[in-house]
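This report refers to the structure that appears directly beneath it.
The values are calculated or read from the model by the stated rules, or taken from the named source; none is laboratory data. From a predicted model like this one, the values you see are computed outputs, not experimental measurements. Here the Cβ is made from the backbone with ideal geometry for all residues, glycine too, and neighbour counts use every protein chain on show. Ligands, DNA and RNA are excluded from the accessible area calculation, which covers all protein heavy atoms including side chains. Shrake-Rupley method; radii C 1.70, N 1.55, O 1.52, S 1.80 Å.
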Amino acid sequence: MKFTFTDKKVSLPKSVHNYAEKKVGKLDRYFRNEAEAKLVFSVEKDRNKVELTIRSGSTILRVAESTSDMFASVDAAVTSMERQLRKHKTRLEKRLRQGAFTLAEPAEETSFVPDVSEEGEYQVVRTKKFPIKPMTVDEAILQMDLLGHSFFAFKDEAGGAFAVVYRRNDGGYGLIEDEG
């Protein structure tokens, strides 16, 4: 497993990174191919926060945990990730097409927030670019759940049209499809 560590507004000793690498490295058994783990350490309101993102092929898993101790936050993040992997592992093996865990092109991770200026124009402050892969609606919902997002854009495997699945307020899922 490849590791990337980021310390936001905090300076951590090397022992924390070594501990996190040892703990997160145990998750490598869940992945067929080389996975990439990105850990972001930060301190917010006297709470030590760890954000763990693992990318294996086109599958991205993300958890965030916050406790009073950085080592405990790492442990909690690894436990949450294991729980998420076990919960979805059967689905991933049964429903994802062959090669779903193969390494994909790395995506640029950013997001955009529309900002309305006084003239009424929108200002895009960040952009996200990623390869849109063909998949089924079930696969898209699974990927959305693995990321913890409220929506997910994909290319429908059946017709090749652009589509978006989203989580509804009533707990169900919605689908927006391109007519073309």
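Can you give me the distance in nm between label points at residue 34 and residue 72, each placed 7 Å from the Cα along the Cα-to-Cβ direction? With each label point 7 Å from Cα toward Cβ, the separation is 3.7 nm.
Averaging the Cα positions of each part gives two centres, and for the stretch 13-59 and the stretch 131-180 these lie 27 Å apart.
Shown for the stretch 1-73: the carbon plus sulfur share of the solvent-accessible area, taken with all protein chains present and a 1.4 angstrom probe, equals 46%. Size descriptors for the stretch 1-86: radius of gyration and Dmax over Cα atoms are 12.2, 38 Å. For residue 18 and residue 167, the difference between the fully extended length at 0.36 nm per residue and the C-alpha to C-alpha distance is 49.9 nm. Sequence-ordered 3J(HN,Hα) estimates for the stretch 150-166 from the Karplus curve with 6.51, -1.76 and 1.60 and θ = phi - 60° stand at 9, 8, 8, 9, 7, 9, 5, 5, 5, x, x, 7, 5, 8, 9, 9, 8 Hz, glycine and proline given as x. For the cross-link pairs 22/128; 23/133; 45/133; 8/129; 23/45; 9/38, the ones whose C-alpha atoms lie over 28 Å apart are 22/128; 23/133; 45/133. Taking the average, over residues, of other Cβ atoms within 10 Å as the packing measure, peptides 152-162, 51-61 rank 51-61, 152-162 from highest down.
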